[in-house]
Each structure stands twice: as structure tokens, then as C-alpha cells.
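To keep things clear, I will list the structure first and then write my remarks on it.
The values are calculated or read from the model by the stated rules, or taken from the named source; none is laboratory data. On a predicted model such as this, the values are computed, not experimentally measured, just so you know. We place every Cβ from the backbone using ideal geometry, glycine too, and count neighbours over all the protein chains shown.
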Amino acid sequence: MSKTVNCRVVSKGVAEGEALVCSKPIGFNFGVDIPTGKIIEHGHELEGISIKDKVLIFPYGKGSTGGSYVVYQVAVEGTGPAAIINLNTEVIIACGAIMGGIPVVDHMEENPYDIIENGDWVKVDAVNGTVTITKKGEN
Amino acid sequence: MKLNDDQKMMLDGGRGEGARIAMEMIVAIANVYGAEDLIPIKSAHCAGLSLKSHGLAGMRWVEDMAAKGARVVVPTTMNVVGVDRSRDLGLPKDWVEPQMRIEKGYEAMGCFGTSSCVPYYYSFLPKFGEHIAWAESSAVVFTNSVLGARDNREGGPSAWAAGVTGYTPNYGLHLDENRRGGIRFDITCDINGIADYGAMGNFIGKMVGEKIPVLVGLDKFKPTTEELVYMGAAMASAGGVAMFHAVGVTPEAPTVEAAFGGIKDYDTVEFGKKELEQGYHNLTCGKSRDVDFVAIGCPHMSLNQVRQIAEMLDGKHIKDDVTMWVHTNMAIKAMARELGYLQKIEDAGAVLTQDLCVVLSCPEVLGFHTLATQSPKMAFYAPGNNGFDVWYGSEEKCVKAALTGRWED
């Protein structure tokens, strides 16, 4: 059984992948290793974990505006997330994702932290504005 | 959000793929900030052009956008980069070449390759009330505060997108209600010279975050344009300041009441000797007093500042094992050459650079350890960004350090 929730489209595209849920903001500039897609910010809850091909759920971006180019770079190198779900997307993530063609949505009608867990299969339709979640083990 | 026919046409790809991506970015930013519409801009200033920010992928993106036909439709200037295109400073080839490709990419899109943080010193002077989309935090503060133009703290991509589309989302400092003061500083000590202004800007920026500070008591010191540039640069680097008011100095603050736009409920902070000293303290992390690198001119120096340095160096020679960079841009440098100031600086063994600055370049690969500067912005970023120990103080102290190799209080 999968569940579909409406959301706002920030950066257009359609993609799916395994959910990686992060409760803290992510700063891409000096925070993500471009060749591997691993989070390298010291002490971050995802430190050492790769965001590659995941549907990455985090509240919003942080850090310097140079982060947009890093979002773009991981997209080009193939080490970036398949799609991003934010509570509130800010400009760094929005610009970088549009540059790199990564689908981004925010403002889901249900709180993503209540209905998505690590390992769920998530499809982000950032054209029609929907997120479809298939719970782990049900796909 | 409301889009007019021109904007919808761009979003549908009517002006090509590059402009479509730029418009998608502008619309996304408008949504993020809840802007109701987009407004036309008179000029844009692209920043984040250093290879440090772009990386090789960013370089390819710029070239891709140029190939996809993205072209700016308003005068769009380029910010400081990481190389001086007029000379070999000894920087590695794998730094210089991709950096030059980034510059050429933006130029191919119609940007002015003047590579400087102070375009208002040469040909690009926004006027009062004009809507613009400039990145480079020090220029954002200056255009808003001193010129009275209307600008948000743009990032590199958003300023590029505004230049290509000719529009920016109508939010933030484009709207009257967001230009009012948020906190008052009563200045009770003497403020003399650019380093004092930088130290004051650092203290205030660190304290206020993103609020608009209102400075009361600055008018009696009759600050110069350059002093206001440096104070603003310090505020913008130490905090998120995009605008300040100085009562009796800046155009939207003829009175305290006007600066606060009628708001009466605000905090007041006294800025005295102790606070000024704290600003200096924040900007200084020197350990050894043996200085091997002196770099001044961040933001880039005006012609008047360059002449002052030329006069201080006239007939002298900097110490053999010290390197001195004086940062400005190609416009000011060309004037300095014609007028003989460049010769005096070069005869003294110093370098008048164009296009670049310490923070956005990589002088650390040249093996320097201890930097002396009069720049509150360089002093803020250089320890983390370049790994230098920093002494911060007046031009006179910096020139003395270059001549003797020693920093003296």
C-alpha cells in the first residue's frame, strides 16, 4: 500500500529512491564531499553517510550561497540525491537543484517526518506536486 | 504568484533554455520568500565567481549556460575572482586556467569582466530608489545604505538569474516596510580612519545579525565614502547585515524617526571605546609579530586610497622577504598607471593587483603565514579560509609592517 501526499514544487522533475531522513539542516558548501556524496560536516547526524541516489529529507539548507554550486556539482558527478524533500526550501538548495536538475518539493500536506522513515521507497513527482511513499518491506 | 506575459514566455522557453532555467530560478526564489510578483531591475552584479565557489562543475555549468544561449539583458558586472588576468602572481596553473574559463563564460553571456567588488567606483552607479540585483555582501550594504538603491543579499546564482531575465522577486529590501531600522547604536567614542570604521562595523555586525542597525552620532565625524564602504563590508561579513542607517549621513535617515520608520519600540546600545576595542580584538589573531604578507584593499581601493598608499611608499622599499599586495580593479589601476601612482607602488616592491583578492584566491599556496591588513573583511575570513594569522590595523601600520617586516601596535 502506498500513500500519496500533495506538496509544493520548487525544482521540477520526477525521481524515486530510498528515503534518507535527516532532522537537521544540511550545508552543502564544505559539508558534502563531492566525489562520494558523503556528509563531511563534523558532528552532523549524517556524518560519513552518503546522500547518493537517496530521496533526501531535511528541513532546509544552511551555510554560504556557494552551496548552490555544490548541489549542482553532486548532481553532475552523479553523487547527489535522486530528489529532495524539505519542510521549507531556501534559496541555496532551490538554485542549486534547478541548476543540476534535482527534483525538490516542500510544504507537504502531511509532515514528512511523521510518515517517512529511512528505507521507505519514495517517489517525488515535482511536476504535479505529489510525494508517494511505499513503506519499507511493502514494495 | 502573478507573472506577466514576458515572464511567462521566458518560463516556457521562449527566450531559449538558458533564460528558461534563469526564470525557473527566479520563480522558485519568489515562492520561497512569498513574493507576490517580480519587478524589473536596472542592473545586476554576479558574485561567487571564484573557483573556490564554482569548482570545476560550476565552471562547466557556466559554459553550458553560455552555450545554451543565456545572455544578460541589463548591465551586469562581475565580482572579484581568484586571479589577476594582467600578470602571473605565481599561482598554480590548475587554479588559473579553470578560473579564467569561468570568467570567459560569464563574459560570453554579456557580463562585464571588470571583476571587482566596487563597480560603483567606475561606471556602474545605482541611483536612489532603483531596484537592482547585486550579490557581493559589501556592495549590497553600500548600494542599499549609502546610495538608497534597493537590493537583497543576492547569491551568485540568483544575481545571475536576475541579470539574464531582467527581473527579481519583489520581497525584502525592495519593500519600504523592510527598510526600517531594528536597533539603535549611540556612538560615544571618536572614530578616526578606515580601520576604526572596520572595527566598529565588525562589532555591530556580529551583534545585530540580520537586523538593520541605526547609527546615531556618526554624522559629526563626516565619514568618507571609503570609510562607509569598509564599515559596511565589516558588518556584512561579521553578520548578515544588508543595510544600515547612519542618521544625518545616509539618505533614508535624515532623522532618527525616519530611520526607524515610526517604530518606537527598539533597543539602544552604547558604542564607546570598549566596544571599538572589542571590534579590533575580534579581527586580530596574530601570534608572531614577524609579518611575511601584507594585503590591503578588500573591498578594492578607490583611486584616492591607491594614491595615499603610493605616497606612503614613495621613495621607500618594502622588506625583501615580505610580499605586499594592494588590491584594486582594472579601472582604478589604469588610472593609477596614467597618473604615476602605480610606478611609485611598483618601485617600492609592492604589487598593485587587479581582479582578485586574498579571500577568493589562494595565496596560501605561496607559503605565507602571517598577514597584516587594513581590511575588516579579509581579517574576518583569512584565518579560516586561507589559514593565516592576522594583524588588523590602519594603512599606516600595514605599510610600516611591509617596510620593516614587523607588526607594531
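The table below gives the values:
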{"quantity": "Within the range B:86-187, helices (runs of 4 or more DSSP H) holding 3 or more residues that are without any contact (Cβ under 8 Å) to a residue 12 or more places away in the chain", "calculated": "B:93-108"}
{"quantity": "Residues (within 14 Å of another protein chain (Cβ to nearest Cβ), more than 26 Å from B:ILE26 (Cα to Cα) and in contact with a Lys or Arg (Cβ under 7 Å, 6 or more places away or on another chain)) located in the range A:1-55", "calculated": "A:GLY37"}
{"quantity": "Boolean, B:LEU3 is away from chain A (no Cβ under 14 Å), in contact with a strand residue (DSSP E or B) (Cβ under 8 Å, 6 or more places away or on another chain) and in a loop (DSSP other than H, G, I, E, B)", "calculated": "yes"}
{"quantity": "Qualifying residue in the range B:317-324 (condition: farther than 15 Å from B:LYS397 by Cβ and crowded, with 16+ Cβ neighbours inside 10 Å)", "calculated": "yes"}
{"quantity": "Residue satisfying all of: in the range B:144-196; of a type in the set (Ser, Thr, Tyr) and within 14 Å of chain A (Cβ to nearest Cβ); surrounded by the most Cβ atoms within 10 Å (Cβ to Cβ) among these", "calculated": "B:THR165"}
{"quantity": "Total residues in the range A:88-106, condition part of a loop (DSSP other than H, G, I, E, B) and facing another protein chain (nearest Cβ under 8 Å)", "calculated": "3"}
{"quantity": "Selection count where residues are assigned to a loop (DSSP other than H, G, I, E, B), of a type outside the set (Ser, Thr, Tyr) and buried (at least 19 other Cβ atoms within 10 Å of the Cβ), scope the range A:61-85", "calculated": "4"}
{"quantity": "Filter result for A:THR132 (at pLDDT 95 or above and within 14 Å of chain B (Cβ to nearest Cβ))", "calculated": "no"}
{"quantity": "Hits in the range B:204-238 - residues which are modelled with pLDDT under 95, in a loop (DSSP other than H, G, I, E, B) and under 14 Å from B:ASN144 (Cβ atoms)", "calculated": "B:GLU210, B:LYS211"}
{"quantity": "Residue that is nearest to A:GLY61 (Cα to Cα) [pool: residues in the range B:29-41 that are in contact (Cβ under 8 Å) with a residue 40 or more places away in the chain and surrounded by fewer than 24 Cβ atoms within 10 Å (Cβ to Cβ)]", "calculated": "B:TYR33"}
{"quantity": "Qualifying residue in the range A:27-50 (condition: in contact with a His (Cβ under 8 Å, 6 or more places away or on another chain), more than 21 Å from A:GLU138 (Cβ to Cβ) and either at pLDDT below 90 or crowded, with 18+ Cβ neighbours inside 10 Å (or both))", "calculated": "yes"}
{"quantity": "One residue from A:ILE115, A:ILE40 being without any contact (Cβ under 8 Å) to a residue 12 or more places away in the chain and aliphatic (A, V, I, L, M)", "calculated": "A:ILE40"}
{"quantity": "Condition broken by B:ILE39, with the remaining ones in (1) within 30 Å of B:VAL83 (Cβ to Cβ); (2) away from every other protein chain (no Cβ under 11 Å) satisfied", "calculated": "(1)"}
{"quantity": "Options A:VAL71, A:VAL32, A:VAL127, A:VAL105: the member that is aliphatic (A, V, I, L, M), within 27 Å of B:TYR33 (Cβ to Cβ) and over 14 Å from the mean Cα position of the chain (by Cα)", "calculated": "A:VAL127"}
{"quantity": "Boolean, B:VAL80 is in contact with a strand residue (DSSP E or B) (Cβ under 9 Å, 6 or more places away or on another chain), away from every other protein chain (no Cβ under 11 Å) and on the phi < 0 side of the Ramachandran plot", "calculated": "yes"}
{"quantity": "All positions within the range A:89-128 that are surrounded by fewer than 22 Cβ atoms within 10 Å (Cβ to Cβ), within 12 Å of A:ILE57 (Cβ to Cβ) and among the hydrophobic types (A, V, I, L, M, F, W, C)", "calculated": "A:ILE115"}
{"quantity": "B:GLY69 in contact (Cβ under 8 Å) with a residue 12 or more places away in the chain and within 14 Å of another protein chain (Cβ to nearest Cβ)", "calculated": "no"}
{"quantity": "Residue match in the range B:42-61 (condition: among the aromatic types (Phe, Trp, Tyr), surrounded by fewer than 18 Cβ atoms within 10 Å (Cβ to Cβ), within 20 Å of A:LYS12 (Cα to Cα) and touching a helix residue (DSSP H, G or I) at 6+ places or on another chain (Cβ under 9 Å))", "calculated": "no"}
{"quantity": "Check on A:PHE58, closer than 27 Å to B:MET1 by Cβ, within 12 Å of another protein chain (Cβ to nearest Cβ) and either aromatic (Phe, Trp, Tyr) or without any contact (Cβ under 8 Å) to a residue 12 or more places away in the chain (or both)", "calculated": "no"}
{"quantity": "B:PRO383 being buried (at least 24 other Cβ atoms within 10 Å of the Cβ) and outside the structural domain of B:ALA139 (by TED's automatic domain parsing)", "calculated": "no"}
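Matching residues to (1) within 8 Å of chain A (Cβ to nearest Cβ); (2) closer than 28 Å to B:ALA149 by Cα; (3) touching a Pro at 6+ places or on another chain (Cβ under 7 Å):
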| residue | (1), (2), (3) |
| --- | --- |
| B:MET9 | no, no, no |
| B:ARG15 | no, no, no |
| B:ALA19 | no, yes, no |
| B:ALA22 | no, yes, no |
| B:VAL27 | no, yes, no |
| B:ARG60 | yes, no, no |
